[in-house]
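*Asks:* Shown below is the structure under consideration.
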Amino acid sequence: MRRFFAPPENIVDGKVTLSLEETRHLRDVLRLREGDEASVFDGLGLEYSCTIEKISKKESVLLVVEEIPPTAPESSLDLILAAAILPGEKFDLVVQKTVELGMVTLQPLYTKRCEARAEGSRRRLERWKKIALEAAKQSGRAKLMEIAEPCQIAAFLPRCSAAKTEGDSLILFSEREGVGFSGIGAAKKITAVIGPKGGWEDSELEMACENGFSIVTFGGRILRAETAAIAMSAILQHRFGDLS
């Protein structure tokens, strides 16, 4: 069944109104017609089986038949990935794959060795949100991964420390020093930080330790930054989430 997205405010009294962009996809790409079946998810975890009632130039209206379980269930692990922004399409790949792996929140970071600059961050954020939406459609998730506003790591680390509650786990992955994966304890909420292509500066590692982060190594392996983000997300979901 074809899947579409509509925010909760567009699902009222058993009817769903699709946006112009979703309508174009329904009508011009998939060539669906009135009376055809489709499913709609609201980005908060709910999904509905629907039939198409009306297709117009700027919007479509669907009738809700029943609420259905999403194809992909959400993980029990509240997993937040904070990753240094990578140039070009590399960060696009991180966005896409972390959605597929059930990430709850992605926090783009500016670090001292980060190649990206703050100029144009709003345009990049909008692009990443579109990629996340398409990935949610394709992977069967009914809950959209949150992509936070890019921020400096010097602001992010203290914020995590201040918000940490009992049972939370704060991890920063490093290629140079730290404990092995066995040093990561079970937790319901994990914040994992991945560095840039050039690695961490000593001052950033020191700041992480000062704010309660455990430094975890890759066991001697040298990984590209985008590989590390995807691989560590999968490993954490396997150990503490639903990829068991």
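*Asks:* If you check ASP78 against the conditions, is it closer than 20 Å to PRO8 by Cα, of a type outside the set (Lys, Arg) and under 23 Å from the mean Cα position of the chain (by Cα)? Steps first, please.
*Replies:* Working: closer than 20 Å to PRO8 by Cα: no; of a type outside the set (Lys, Arg): yes; under 23 Å from the mean Cα position of the chain (by Cα): yes.
For ASP78, the condition - closer than 20 Å to PRO8 by Cα, of a type outside the set (Lys, Arg) and under 23 Å from the mean Cα position of the chain (by Cα) - is not met.
*Asks:* Scan the strands (runs of 3 or more DSSP E) fully inside the stretch 59-149 and keep the ones with 3 or more residues being in contact with a helix residue (DSSP H, G or I) (Cβ under 8 Å, 6 or more places away or on another chain) and not basic (Lys, Arg). Write out each step before concluding.
*Replies:* Values: elements: 60-68, 78-84, 105-110.
Hits in the stretch 59-149: 78-84, 105-110.
*Asks:* Can you say whether LEU26 is over 21 Å from the mean Cα position of the chain (by Cα), touching a residue at least 40 places away in the same chain (Cβ under 8 Å) and not in a loop (DSSP other than H, G, I, E, B), as far as the supplied structure shows? Before you say what the answer is, go through the steps one by one.
*Replies:* Working: over 21 Å from the mean Cα position of the chain (by Cα): yes; touching a residue at least 40 places away in the same chain (Cβ under 8 Å): no; not in a loop (DSSP other than H, G, I, E, B): yes.
Taking the combined requirement at face value, the residue does not satisfy it.
*Asks:* Sort out which residues of the stretch 95-106 are in contact with a strand residue (DSSP E or B) (Cβ under 6 Å, 6 or more places away or on another chain) and surrounded by 17 or more Cβ atoms within 10 Å (Cβ to Cβ), and write them in order of number.
*Replies:* The answer is THR98, MET103, VAL104, LEU106.
*Asks:* Pick from the stretch 135-193 the residues that are exposed (fewer than 13 other Cβ atoms within 10 Å of the Cβ) and aliphatic (A, V, I, L, M): which of them is modelled with the highest pLDDT?
*Replies:* ALA155
*Asks:* Here is a further query. Among (1) assigned by TED's automatic domain parsing to the domain that holds GLN107; (2) buried (at least 19 other Cβ atoms within 10 Å of the Cβ), there is one condition GLU89 misses while meeting the rest; what is its number?
*Replies:* With respect to (1) assigned by TED's automatic domain parsing to the domain that holds GLN107; (2) buried (at least 19 other Cβ atoms within 10 Å of the Cβ), GLU89 is out only on (2).
The values are calculated or read from the model by the stated rules, or taken from the named source; none is laboratory data. Not measured: the values here are computed from a predicted model. Positions of Cβ are generated from backbone atoms using ideal geometry, with glycine treated the same way; all protein chains shown enter the neighbour counts.
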